[in-house]
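The values are calculated or read from the model by the stated rules, or taken from the named source; none is laboratory data. For clarity, every value in this text was computed on a predicted model and none was experimentally measured. Heads up, the Cβs are rebuilt from the backbone with ideal geometry, glycines too, and the neighbour counts pull from every protein chain shown.
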Amino acid sequence: MAERTAAVVTVSDSSAAGVNEDVSGGVAAEALESLGFTVVSTSVIPDGIESVSTELVRLADTVSLIVTTGGTGLSPRDLTPEGTRAVLDREIPGMSEAMRADTFGKVPFGMLSRGVTGLRGSCVIVNLPGSPKAVAEGLSVIGPVLTHAVEIASGDFGQHR
């Protein structure tokens with residue numbers, strides 16, 4: 001069975017500057033632990049393509065899953081998807097599509113989220129919005145497949161050989 005280690009990266013200028021407290025990162029870590037992941041790293045970084053891509057590259061070889069919170073909207077500094085795409089080897093669009101689809105009819109602004117999901121090497125990377133509520137809802141949607149995705153990405157095919 002693949003090692004279930006995870007990192008949570010909060011992408012927020014105001015949290016990185018100490019102006020606002022990071023709440024969404026804690027929500028993500030708690031949800032991941034309830035899914036059986038061991039969260040071995042949490043970080044808060046400023047918005048931007050370079051800051052996101054640098055942090056993802058730093059972490060991708062050390063964990064099986066990275067979850068980012070924040071920077072997926074439409075403001076000029078919301079560049080988490082661009083920073084993520086810059087380091088992905090392959091995208092996993094269905095996971096992001098499922099999270100967005102779950103918001104339809106519930107939260108009209110959910111369709112504005114631009115988060116992506118993909119692989120860097122054998123590490124699964126998931127972008128979530130910065131709202132604590134959206135983090136919890138997004139992880140509840142993809143939670144049932146996260147462990148399987150990590151196992152397959154690591155080469156642990158189990159009964160799927």
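Which of the residues belonging to region 32-63 are touching a residue at least 40 places away in the same chain (Cβ under 8 Å) and touching a Lys or Arg at 6+ places or on another chain (Cβ under 6 Å)?
Of everything in region 32-63, those that are touching a residue at least 40 places away in the same chain (Cβ under 8 Å) and touching a Lys or Arg at 6+ places or on another chain (Cβ under 6 Å) turn out to be Gly36, Phe37, Ala60.
Which residue out of Gly71, Gly105 is of a type outside the set (Val, Ile, Thr), without any contact (Cβ under 8 Å) to a residue 12 or more places away in the chain and not in a helix (DSSP H, G or I)?
Details: Gly71 fails: without any contact (Cβ under 8 Å) to a residue 12 or more places away in the chain.
Just a single option satisfies the conditions, and that option is Gly105.
Could you grab me the full set of residues in region 97-118 that are touching a strand residue (DSSP E or B) at 6+ places or on another chain (Cβ under 8 Å) and farther than 18 Å from Leu79 by Cα?
Met99
State yes or no: is Ala136 surrounded by 15 or more Cβ atoms within 10 Å (Cβ to Cβ), touching a residue at least 40 places away in the same chain (Cβ under 8 Å) and of a type outside the set (Phe, Trp, Tyr)?
Yes.
Filter region 80-120 down to the residues that are over 11 Å from the mean Cα position of the chain (by Cα), over 22 Å from Arg4 (Cα atoms), surrounded by 22 or more Cβ atoms within 10 Å (Cβ to Cβ) and at pLDDT 95 or above and list them by number.
Gly83
Condition check: surrounded by fewer than 19 Cβ atoms within 10 Å (Cβ to Cβ) and more than 17 Å from Ala7 (Cβ to Cβ). Does Pro144 satisfy that?
When the stated conditions are applied, Pro144 passes them.
Here's the yes/no breakdown for (1) crowded, with 16+ Cβ neighbours inside 10 Å; (2) closer than 28 Å to Ile152 by Cβ; (3) touching a Cys at 6+ places or on another chain (Cβ under 6 Å):
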position: Glu21; (1), (2), (3): no, no, no
position: Leu35; (1), (2), (3): yes, yes, no
position: Val40; (1), (2), (3): no, yes, no
position: Val57; (1), (2), (3): no, yes, no
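When only residues in region 11-28 that are acidic (Asp, Glu) and in a loop (DSSP other than H, G, I, E, B) count, which is nearest to Ser51 (Cα to Cα)?
Looking at the filtered set, the residue picked out is Asp22.
Within region 29-56, restricting attention to residues that are under 15 Å from the mean Cα position of the chain (by Cα) and in a loop (DSSP other than H, G, I, E, B), which residue is farthest from Glu137 (Cα to Cα)?
Asp47
Check whether at least one residue in region 146-161 is assigned to a helix (DSSP H, G or I), of a type outside the set (A, V, I, L, M, F, W, C) and closer than 28 Å to Leu74 by Cα, and report yes or no.
Within region 146-161 (the criterion being assigned to a helix (DSSP H, G or I), of a type outside the set (A, V, I, L, M, F, W, C) and closer than 28 Å to Leu74 by Cα), the answer is no, since none of the residues qualifies.
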